[in-house]
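J.: Mind having a look at this structure? Questions to follow.
The values are calculated or read from the model by the stated rules, or taken from the named source; none is laboratory data. What you are looking at is a predicted structure, and each value in this text was computed from that prediction instead of being measured. Positions of Cβ are backbone-derived with ideal geometry, glycine not excepted, and every protein chain shown enters the neighbour counts. All accessible areas refer to the heavy atoms of the entire protein, side chains included, with ligands and DNA or RNA removed. Shrake-Rupley method; radii C 1.70, N 1.55, O 1.52, S 1.80 Å.
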Amino acid sequence: NKEASNPDDYVILPEPISKEPLGPAVRRGDDEWFAIAKWVVFALIEAEEYGVTQANVDKMKASTDPAVQRVLGTGEDMGKLLGLDKEWAYRAIKSVGNYGEIFERNVGPKSALQLPRGLNNLWNKGGIMYAPPIR
């Protein structure tokens, strides 16, 4: 195995070569954990769409938008269906930020890889990322 000791020796090609959804993986047969992992990703995408960030998540708990309330646990109890409490998504956002913040930090323009969002942007910003509503 050759290490990428000199990153300048490598180029990430600009053309997408696939568009299959990749994300958290869980052990086969653990349906409850799969549902939690999937809905956390959905909540992080929805948080970005609603403008909820790691920095403003506490302030956004005062939102009167029912969709934001569902995500942050100040409205209907959406965690119950997953076997979680009401603030499950709030804690995820508070811990790591929304989907865009995670992308930016790990592979985006502010990271060592400096990748553009491209197809990983939200659907309303030229990408293909969207989540089913948390309901």
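J.: Looking at the structure I just gave you, is Ala25 among the small types (Gly, Ala, Ser) and touching a helix residue (DSSP H, G or I) at 6+ places or on another chain (Cβ under 9 Å)?
T.: For Ala25, the condition - among the small types (Gly, Ala, Ser) and touching a helix residue (DSSP H, G or I) at 6+ places or on another chain (Cβ under 9 Å) - is met.
J.: Here's something else I'd like to know. Could you check the stretch 15-49 and list, in sequence order, the residues that are in a loop (DSSP other than H, G, I, E, B), open to solvent by less than 100 Å² (accessible area, probe 1.4 Å) and not aliphatic (A, V, I, L, M)?
T.: Within the stretch 15-49, Pro16, Ser18, Glu20, Gly23, Pro24, Gly29, Asp30 meet the criteria.
J.: Here's a follow-up. Considering the stretch 50-60 alone, what residues qualify as being under 12 Å from Val96 (Cβ atoms) and either hydroxyl-bearing (Ser, Thr, Tyr) or buried (at least 19 other Cβ atoms within 10 Å of the Cβ) (or both)?
T.: Scanning the stretch 50-60 gives Thr53, Val57.
J.: One residue is enough: does the stretch 80-91 have a residue meeting the conditions of a type in the set (Phe, Trp, Tyr) and over 21 Å from Pro24 (Cβ atoms)?
T.: No, the stretch 80-91 contains no residue that is of a type in the set (Phe, Trp, Tyr) and over 21 Å from Pro24 (Cβ atoms).
J.: Let me ask something else about it. Return the total of residues in the stretch 18-44 being in contact (Cβ under 8 Å) with a residue 40 or more places away in the chain and aromatic (Phe, Trp, Tyr).
T.: The qualifying residues number 2.
J.: Can you name every residue in the stretch 122-135 that is open to solvent by less than 40 Å² (accessible area, probe 1.4 Å) and over 18 Å from Lys38 (Cα atoms)?
T.: Within the stretch 122-135, Gly127 is the sole residue that qualifies.
J.: In the stretch 61-101, how many are of a type in the set (Ser, Thr, Tyr) and open to solvent by 70 Å² or more (accessible area, probe 1.4 Å)?
T.: So the count comes out to 2.
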